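What follows is a single structure, written as structure tokens, with notes after it.
The values are calculated or read from the model by the stated rules, or taken from the named source; none is laboratory data. Just so we're clear, the structure is a prediction, and the values are computed from it rather than from any experiment. All Cβ positions, glycine included, derive from the backbone under ideal geometry; neighbour counts span all protein chains shown. Ligands, DNA and RNA are stripped out before the accessible areas are found, and what is left, the full protein with its side chains, is counted by its heavy atoms. Shrake-Rupley method; radii C 1.70, N 1.55, O 1.52, S 1.80 Å.
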Amino acid sequence: MKFSLLPAALALAATAILAAASGVRAEFKVRSPVVEKDELSLEQVGSAGYSRSDRRSNELSVVHELEYGVNDHLLIELEGEWAREAGPGSDRRFKATTLGGMIAPFAQGELWLDGAFWIEYGRVNATTDPDTVKFGPVLQKSLGPTTVTGNFYMEKQVGIHSSGYPVATYGAQWRYDWLKELAPAIEVFGQLGDVNGMNNPRNQQHRVGPVLTGTLGVGRAGEFKYELGYLAGLTNLTADHTVKWKAEYEIAF
Amino acid sequence: MRMRTTLALALVAFALPALAADGDAYELVIKNHRFSPDRLEIPAGKKVTLVVRNLDDTPEEFESHDLKREKVVKGGDEIRVIVGPLNAGEYAFVGEYHEDTAKGVVVAK
């Protein structure tokens, strides 16, 4: 009897985790800690997830971002996210407005490891969902012809509908800086679950896959940056296949 | 007490850049959309700072795929770019807004 209850308990736990995770934004973007003074960038960061299971399929996230480097040490960002939750019958809707900022106390190359601190507040559109605060270090290291970048965040629900412990998430990119226009990379993204239960792999989401990145300069008119990749889901809570993209236009004033 | 500790840590964090060693400084000048010198020798195996002075009225972007650096320098302004320690070799750089004329190479030896 004890063992026959186990699958049902696991299914219930998975459902609860998925519900709790819905407040956590799906963001497949690895931030660099380098801040460019007076640089304005417009970005679209998107992802679409597909699975054999209808319950975990059809998720979509499109984030439009406006970033500005106030000085060499401070970047501010305003985001709007449109999303469709996984599962049958979900509709695409405006999900959240987010205001974020990054403080980079050190100049690029000043220390052995480039680093900054990211913090954001996400105001969720649905009145029944909680707002979120996300913060954590953004790190980067140049290793020969490659560059490794890692983002490690804690995300906490806040406000009247908030519940639970902070959730730990990460994103990392290992890029081979082959050409300016084309630099292949491997990216990993994950959600370790809340800090009270992150030792259980069943509570976690992990994705890994190849990404093509590059920059196309157009002189004084700025630069276009792109990323296009595929991420394979590694756990039962993760979509089996995720396509991710980023299109960015940068210009300095 | 907790607030004081936080403030102290914040002050230390922002003071550290001033204390961190960024090596010897080497000057690059941009004039008439050209770098001078266009071949800059620096010591290999040492961290150095490139001081890029833009004497033109228009902005320029110092960019080097080899050095993994890009930074805009406004007209009449200067920027500091920390590079290295580098292996011996040549590292090309350009002024992205005038790539046809603004180009050069850092030689680490």
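Overview of values
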read-out: Filtered residue count, the stretch A:215-228, keeping only those that are open to solvent by less than 10 Å² (accessible area, probe 1.4 Å) and on the phi > 0 side of the Ramachandran plot; value: 1
read-out: Within the stretch A:229-253, tally of residues that are open to solvent by 30 Å² or more (accessible area, probe 1.4 Å), assigned to a loop (DSSP other than H, G, I, E, B) and either touching a Gly at 6+ places or on another chain (Cβ under 7 Å) or within 19 Å of A:Glu36 (Cα to Cα) (or both); value: 1
read-out: Out of A:Leu179, A:Leu216, sole residue that is outside any strand (DSSP E or B), touching a strand residue (DSSP E or B) at 6+ places or on another chain (Cβ under 9 Å) and closer than 30 Å to B:Ala102 by Cβ; value: A:Leu179
read-out: Residues satisfying the stated conditions in the stretch A:23-48, i.e. under 14 Å from the mean Cα position of the chain (by Cα) and part of a strand (DSSP E or B); value: A:Glu43, A:Gln44, A:Val45, A:Gly46, A:Ser47, A:Ala48
read-out: Close pairs (7 angstrom Cβ cut-off, 6 or more residues apart or separate chains): touching a residue at least 60 places away in the same chain (Cβ under 8 Å) in the stretch A:147-172, small (Gly, Ala, Ser) and open to solvent by 30 Å² or more (accessible area, probe 1.4 Å) anywhere; value: A:Thr149/A:Ser32; A:Gln157/A:Ser163; A:Gln157/A:Gly164; A:Gly164/A:Ala20
read-out: A:Val45 being crowded, with 20+ Cβ neighbours inside 10 Å, β-branched (Val, Ile, Thr) and within 14 Å of chain B (Cβ to nearest Cβ); value: no
read-out: Cβ pairs under 8 Å, 6+ apart, first in the stretch B:63-79 and more than 7 Å from every other protein chain (Cβ to nearest Cβ) and in contact (Cβ under 8 Å) with a residue 40 or more places away in the chain, second of a type in the set (Asp, Glu) and buried (at least 20 other Cβ atoms within 10 Å of the Cβ); value: B:Ser64/B:Glu70; B:Val73/B:Glu60; B:Val73/B:Glu61
read-out: Residue check for A:Gly87: part of a loop (DSSP other than H, G, I, E, B), under 25 Å from A:Ala48 (Cβ atoms) and in contact (Cβ under 8 Å) with a residue 24 or more places away in the chain; value: yes
